[in-house]
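Asks: I have a structure here, written as C-alpha cells, and I will follow up with some questions on it.
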Amino acid sequence: MAARARWESDAGGLLFGMKSVLQRLLPWLLLLMVWAGATAAFGGALVPGPLATGRILARLLLRADTWEHVALTLFRGSAGMLIGVALGYLLGIPCGLSARAMRLVSPLVTALQSCPPIVWISLLLVWAGIGATVPVLVVAAATFPVLFINIAHGTADLDPGLLEMASVYRLPALRILLDIILPGTSRYALAAFSFALGITWKVTATAEFFGSGTGIGARIYWAYRQLDMPLLFAWTTVIVVIGLIIEMGLVHPLRHGVRIEGQGQGGPP
Amino acid sequence: MITLDHLAFAYPGKGLVLEDVSLRLDHGDLVCLCGPSGCGKSTTLDIVAGLRTPQRGTRQVGSRRLGYAFQEPRLLPWRSARDNVRIGLRGWLTAHEAATAADEWLGRLGLAEAAATRPAQLSGGMRRRVSLARAFAVRPEILLLDEPFAFLDEDACRRVADAIRDLHGRGVALLMVSHVRDWAEALGCRILDIPGAPVRL
C-alpha cells in the first residue's frame, strides 16, 4: 500500500512538474507557431522561418567575431550606463539637498529627457564620427535623466532629522554620503537602475545601427543593407535572447529588491 | 560652557517661539526646562546644538564634544543599534574602540542583547535608549537630552539616570527638556519652569 501511495505521489509530482514546464514553454511554442505561420503566409524570402533562422544562428554562434560584437555592445551599454549613473548621482544629490539647485537643473533635465535618442545619435555622429563614442554617449544621455530624477527625489525625501543628527555628531561629508544618502536613496536608485537597464540594451543597439561599424546594432544594419533576411533574423534572435537574459537576470531581481526595500517604507515615485 | 544671551527665535511664517531667553551653564550644571508641549523647549536645545540660528541674541557654546538625544531617536534604519551608537564616535576612536564603547553603553542601558538589531525591530523605548547611548558614548562635555525618560519603564529610567549621574561626575553640563519633574528632581537638576510660548528666561 505504502509503495503504491509513494508511486502515486511520485507520479503526481512528475505530472505537476511536466505541467509547469509546459506552461512555461507554451508562450514560446505559440511564438514559433505564429512565426512559422508568417513564413508560410509571406514566403521564406521575406520572413525566414524558425528552422532557416536557427541554421544561420548556429553558424553565427560558432564564429569568434559574433562574440566580439556581442561583447562590444555589452561593454558600450555598460560604459554608457555607468556614465549616466555617475552623472545622476553627481547632480542628483546636490539637487535633492538644495531646492534652489533643483529649480536650476530640473528644466534642463526635463528637456534632455524629452530628446529622443535619434537626436543624440545625429548630433554625436557629426561631432564624434562613427565609432564607440556614439553608442556610449547616447546611452549615457538616455539613462542620466531617470537616474537624476530618482536620486534627487530620494535625497529630497531623506529624513532631515538624520542630516541634523549627522551635523550634531560632526560626520564628515563622505560618511554622510556612505551612511545616510546612499542607503537612504537605495530604493529610488534600484528603481532607476531597473528602468535604465531595460532601455540601455535597446538604445545601444539603435545607436550602433546608425553610428558604429561594430556591435550587434551594426551587424543588424549590415544584414539589412544586404537584405540578408535570415542573417537579420538570426541577429534579432541574438539580441532578443541577450535582452531576455538581462531582463531575467538583472532587471527582475532589481525590481524584486525594490519591492522588498519598499515594504513598509513607501515606494519611489 | 553654554551662554545664551537674549535669544529670540521664530520659525518662518509663525510667531515668536523664544522671545528673550538668557541662560548660562557651566561644567557640572544640571538644568531642566519644564513646560507644556510646543513652548520652545526643544527649539532651545536645537539652538544650543547649532541646528537653528536665532534671529536675535547670541549663543556661545564652549565645547565641540556634544551629545544630543533628540525627541525622536533619529536612528539610521539600515544600521544596527551598535552601528548607530558608533556613528558619533567615528573620527576620534578606532573602529574597535568605537564598537567596544558602543557595546558598553548599550549594555549599561540594558540593550546588550539588541546590539546587532536594526531599529525597526526595536520597541519605541529601546530606540530611545539607543539614541541616549549614542549621546552618552561620545564622552560629551555638553549633553542635550530631549525628554530622555519618555516611553521608558522604571528600570530603563533608573539606568538612564545612573548614566547621567556618572557623566555629571565627570563634569558634563546637562541641559534637559522634560514634561516630568520627578526624574529631574531626583537628579538634582535646576528646574526652569516655562509657562508657554514665547519663552522668556
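Asks: So B:Arg74 ticks every box in (1) modelled with pLDDT of 90 or more; (2) within 14 Å of another protein chain (Cβ to nearest Cβ); (3) more than 26 Å from A:Ile176 (Cα to Cα) but one. Which box is left unticked?
Replies: Checking B:Arg74 against (1) modelled with pLDDT of 90 or more; (2) within 14 Å of another protein chain (Cβ to nearest Cβ); (3) more than 26 Å from A:Ile176 (Cα to Cα), the one that fails is (3).
Residues checked against (1) farther than 27 Å from A:Asn150 by Cβ; (2) among the hydrophobic types (A, V, I, L, M, F, W, C):
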site	(1), (2)
A:Ala36	yes, yes
A:Leu72	yes, yes
A:Gly80	no, no
A:Ile83	no, yes
A:Arg100	no, no
A:Trp127	yes, yes
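Asks: OK, next. Within the stretch B:60-70, track down each residue that is surrounded by 19 or more Cβ atoms within 10 Å (Cβ to Cβ) and either within 7 Å of another protein chain (Cβ to nearest Cβ) or more than 13 Å from A:Val168 (Cβ to Cβ) (or both).
Replies: Those that are surrounded by 19 or more Cβ atoms within 10 Å (Cβ to Cβ) and either within 7 Å of another protein chain (Cβ to nearest Cβ) or more than 13 Å from A:Val168 (Cβ to Cβ) (or both): B:Leu66, B:Tyr68, B:Phe70.
Asks: Against the condition assigned to a strand (DSSP E or B), within 17 Å of A:Leu162 (Cα to Cα) and more than 10 Å from chain A (Cβ to nearest Cβ), how does B:Leu132 come out, does it pass?
Replies: The answer is no for B:Leu132.
Asks: While we're on this one: Can you tell me which of (1) surrounded by fewer than 18 Cβ atoms within 10 Å (Cβ to Cβ); (2) touching a residue at least 12 places away in the same chain (Cβ under 8 Å) is the one B:Ser42 doesn't meet?
Replies: It fails just one condition, (1).
Asks: Please determine, by comparing only the residues of the stretch A:35-47 that are surrounded by 10 or more Cβ atoms within 10 Å (Cβ to Cβ) and assigned to a helix (DSSP H, G or I), which one is nearest to the chain's Cα centre (by Cα).
Replies: A:Trp35
Asks: May I pose another question? How many of the residues making up the stretch B:66-97 are part of a helix (DSSP H, G or I) and either of a type in the set (Ser, Thr, Tyr) or in contact with a Gly (Cβ under 9 Å, 6 or more places away or on another chain) (or both)?
Replies: 1
Asks: Mind listing just one residue for me: the one in the stretch B:77-96 that is within 17 Å of the chain's Cα centre (by Cα), more than 7 Å from every other protein chain (Cβ to nearest Cβ) and aliphatic (A, V, I, L, M) and, of those, surrounded by the fewest Cβ atoms within 10 Å (Cβ to Cβ)?
Replies: Among those that are within 17 Å of the chain's Cα centre (by Cα), more than 7 Å from every other protein chain (Cβ to nearest Cβ) and aliphatic (A, V, I, L, M), it is B:Leu89.
Asks: Working carefully through the options A:Ile130, A:Ile118, A:Ile93, find the one that is among the β-branched types (Val, Ile, Thr) and modelled with pLDDT of 95 or more.
Replies: A:Ile93
Asks: Run B:Ala186 past the list (1) surrounded by fewer than 19 Cβ atoms within 10 Å (Cβ to Cβ); (2) closer than 28 Å to B:Pro77 by Cβ and report the number of the one that doesn't hold.
Replies: (2)
Asks: With respect to B:Leu7, determine if the residue is within 18 Å of B:Leu192 (Cβ to Cβ), in contact with a Pro (Cβ under 9 Å, 6 or more places away or on another chain) and assigned to a strand (DSSP E or B).
Replies: Criteria met by B:Leu7.
The values are calculated or read from the model by the stated rules, or taken from the named source; none is laboratory data. None of the values given here were measured: they were computed from a predicted structure. Positions of Cβ are backbone-derived with ideal geometry, glycine not excepted, and every protein chain shown enters the neighbour counts.
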